[in-house]
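For reference, the structure is listed below as structure tokens.
The values are calculated or read from the model by the stated rules, or taken from the named source; none is laboratory data. Owing to the predicted nature of the structure, the values given are computational and were not obtained by experimental measurement. Note that each Cβ is placed from the backbone with ideal geometry, even for glycine, and that neighbours are counted across all protein chains shown.
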Amino acid sequence: MRIAVTYENGNIFQHFGHTEQFKIYDIEDGKVVKEQVAGTEGSGHGALAGMLSDLKADVLICGGIGAGAQNALAEAGIRLYGGVSGSADEAVRALLEGSLSFDPDVHCDHHGHHGEEHSCGENKQGCGGNKRA
């Protein structure tokens, strides 16, 4: 199994469409056997699901994520665990232990405001309050 996590400075990055890196974990027999960080090369919302598919990710752990990206991940057969925050390594460990706390109804619905400063935290189930321009 391969798990991808939106990644920044050791933590889960809170806006899928603006993530600059994924941390990739290869899992065998319920244990992490390899870790690597992959840059997104500036890819945005639409291309990220394809990138994860190309990386052969089976699972994505992230903070906020819009409906379009959720649909693209579902079409690619990638399981989504959204609404997660904190340490990327701890989230993967919790997923493997069956104790990951996530939000099955996570969404990020501020799209259309790209290029403007916005706070996803204004939405109860948003992107964790992370401000990005």
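Table for the structure above
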{"read-out": "Single residue of the range 102-125 satisfying the filter (under 24 Å from S53 (Cα atoms) and under 16 Å from the mean Cα position of the chain (by Cα)) that is modelled with the highest pLDDT", "value": "F102"}
{"read-out": "Conditions (1) exposed (fewer than 15 other Cβ atoms within 10 Å of the Cβ); (2) modelled with pLDDT of 95 or more; (3) small (G, A, S); (4) out of contact with any Gly (no Cβ under 7 Å at 6 or more places or on another chain): number failed by S87", "value": "(4)"}
{"read-out": "Matching residues, the range 22-37, being out of contact with any helix residue (DSSP H, G or I) (no Cβ under 6 Å at 6 or more places or on another chain) and either surrounded by 16 or more Cβ atoms within 10 Å (Cβ to Cβ) or among the β-branched types (V, I, T) (or both)", "value": "F22, I24, I27, V32, V33, V37"}
{"read-out": "Members of the range 20-34 that are in a strand (DSSP E or B) and in contact with an Asp or Glu (Cβ under 8 Å, 6 or more places away or on another chain)", "value": "Q21, K23, I24, Y25, D26, V32, V33, K34"}
{"read-out": "Qualifying positions in the range 38-57 - among the small types (G, A, S) and either surrounded by fewer than 17 Cβ atoms within 10 Å (Cβ to Cβ) or modelled with pLDDT of 95 or more (or both)", "value": "A38, G39, G42, S43, G44, G46, A47, G50, S53, A57"}
{"read-out": "Unmet criterion (only one of (1) over 24 Å from S99 (Cβ atoms); (2) modelled with pLDDT under 95) for Q21", "value": "(2)"}
